[in-house]
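First up is the structure itself, then whatever we jot down about it.
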Amino acid sequence: MTRSLDALVRRFAGALRDLAPIIIVIAFFQVAVLQQPFPNLAGVALGLVCVVAGLALFIQGLELGLFPLGEAIAHAFVNKGRAAALRAFTISLGFGTTVAEPALIAVGAEAAEVAAEAGAIAATDEARLRYAFELRMVVACSVGLAIVLGVLRILKGWPLHRLIIGGYVLVTVMTLFAPDEIIGVAYDSGGVTTSTITVPLVTALGVGLASSIKGRNPMLDGFGLIAFASLTPMIFVLAYGMVV
Amino acid sequence: MEFAATLVQTGVSTSFDVAPIIAILVLFQVAVLRRRIPNLKRIVMGFIYVLLGLTLFLVGLEEALFPIGETMATQLTAAAVVDPAAVSVQWEDYLLVYAFAFAIGFATTIAEPSLIAVALKAEEVSGGAVGAQGLRIAVALGVAVGVALGCFRIVTGTPLPWYIVGAYAIVIVQTFRSSRTIIPLAYDSGGVTTSTVTVPVLAALGLGLAASVPGRSPLIDGFGLIAFASVFPIMSVLGYAMLVSLISRLHGANMGLRRRSQP
């Protein structure tokens, strides 16, 4: 008990250190540059306490729950030798965690606004909602595909950089042909897909797979799933923009 | 009272975000794996910590940081406009905005929970060869430079693909000159930087800037900062690894010289 309490106290200290830069930057610009007092100081202080406590609990939970779970699942799939089931699992994990991602919903809505402004779709609410929904589905499917491809790469031991560089070339070529208004949205969509719970789980899954398959190096083969998940949405959204 | 309501509301919406993940995990556990998960009690406990922690984290950000950060982004971008009627924009007028973009890009990345997760894992897997702190600082510097450059792009109105495709070219060259072990981690670090903390602040900054600079449209020019924040960390992590190996090589060479000079 004392040891876990001790660990939690250390997590709090770590969280405080992680958040110090943000507090310093905001305080500096508020007081020294904009020369304004802090609005609602009590509320801000309460919020900061929540942020520090939340980050400490999250990291503790990461080590206790998400990391071991991701690795346990990877080991279980490898031991059972169920490659098809692993593919189904990873596709649902990628799709399921992305489709409800709040950042993606926000970007989708903004993208619909842009498309309506540019005249790519009708400027009605119905057309906008449909566009935003389709875009979300496209991105979610592309993340599902990305994780499957990434897992396949770990199983086969393909070098990551060839696939990623190939993806970059594809993005570059597609940029030349895609309509202007979709480019910003497409480039941004790569960054918003990977949520705070998905990342640790997927990372642990990759490392777990690489360490339980003979001949794979966790450092070389275990990482890279997130890289796929941030590249394929760009390709798919560009393609979507060319089709619509 | 209002605070408690926000807390409950955020808790519910976080649970909804996690629900599909748990559903998938349980489904595959029951239908396919059918194997006892070791330490199930601890894992469930960990999930509760994660849920609780994320809720508190989001509520705290919503209460304390986002309102000020967003107001600040708007005020800084608006303050830079010297003459609203000016036809052409001088990019130097926005130096303060670039400074803010750099600082806030760095600071939000250091606080990003998914980056902390990947950095911890990298340190564990590499047996300490990749330090969690060093990696996070390298990524944060990449985001900082990327976001500042992204703001410069919005002010000047230059096309986004020039920058992003240019950055890809640099990443490709770096890839062929880097040690193989760092490459997957570097590519991953691009995707994890833009998450809970960074995206809302960057979105406010981009939209505020695009709205206040004459001749820019928030709808067209407001996008792109997240893309900058996802490519530049790849560059900085690869660069950091190259620097570390260069220093150790120089250091090794010096040691060798010293050893040789001894009689």
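Laboratory data are not the source of any read-out in this text; all were calculated from the coordinates shown. Since we're looking at a predicted model, the values are computed, not measured. Using ideal geometry, Cβ is built from the backbone for each residue, glycine included, and neighbour counts are taken over all protein chains shown.
Values for this structure:
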{"item": "Region B:70-214 - Rg over Rh from alpha carbon coordinates, Kirkwood radius", "result": "1.04"}
{"item": "Whole-percent pair-distance distribution, where bins are 10 Å wide, for the alpha carbons of region A:18-82", "result": "17, 29, 19, 15, 12, 7, 1"}
{"item": "DSSP H segments from chain B that extend 20 Å or more along their own axis, Cα-based, with Kyte-Doolittle mean of 0.5 or above", "result": "B:2-28, B:40-60, B:95-110, B:132-156, B:160-177, B:198-212, B:225-261"}
{"item": "Only Lys, Arg (+1) and Asp, Glu (-1) charged, at Cβ; chain B dipole about Cα centre in debye", "result": "1680"}
{"item": "Positive minus negative residues near B:Ile154 (Lys, Arg vs Asp, Glu; Cβ under 11 Å)", "result": "+1"}
{"item": "Fraction of alpha-carbon pairs over 12 Å apart in region A:155-194 - percent", "result": "67"}
{"item": "With at most 16 other Cβ atoms within 10 Å, longest stretch of chain B clear of loop trypsin sites (Lys or Arg not before Pro) (DSSP)", "result": "B:37-179"}
{"item": "Mean shadow area of region A:130-244 over all directions, Cα convex hull, nm²", "result": "7.0"}
{"item": "Distant alpha-carbon pairs in chain B (separation over 28 angstrom), percent", "result": "49"}
{"item": "Computed helical MRE - 222 nm, the protein assembly as shown, DSSP H runs ≥ 4 contributing -39500 (n - 2.57), nearest 500", "result": "-26500 deg cm²/dmol"}
{"item": "Rg(Cα) / (2.2 N^0.38 Å) computed for region A:51-113, rounded to two decimals", "result": "1.55"}
{"item": "Around A:Leu149: net Lys/Arg minus Asp/Glu count, Cβ-Cβ under 12 Å", "result": "+3"}
{"item": "Rg(Cα)/(2.2 N^0.38 Å) for the protein assembly as shown, N = residue count", "result": "0.96"}
{"item": "Net charge of neighbours whose Cβ lies under 13 Å from the Cβ of A:Ala76, counting Lys and Arg as +1 and Asp and Glu as -1", "result": "+4"}
{"item": "Chain A, relative contact order in percent, only Cα pairs under 8 angstrom and at least six apart counted", "result": "24"}
{"item": "Compactness index (Cα Rg / 2.2 N^0.38 Å), chain A", "result": "1.21"}
{"item": "Cα point-scatterer Debye curve for region B:16-56, base-10 log of I(q)/I(0) at q = 0.16, 0.22, 0.28 Å⁻¹", "result": "-0.47, -0.81, -1.04"}
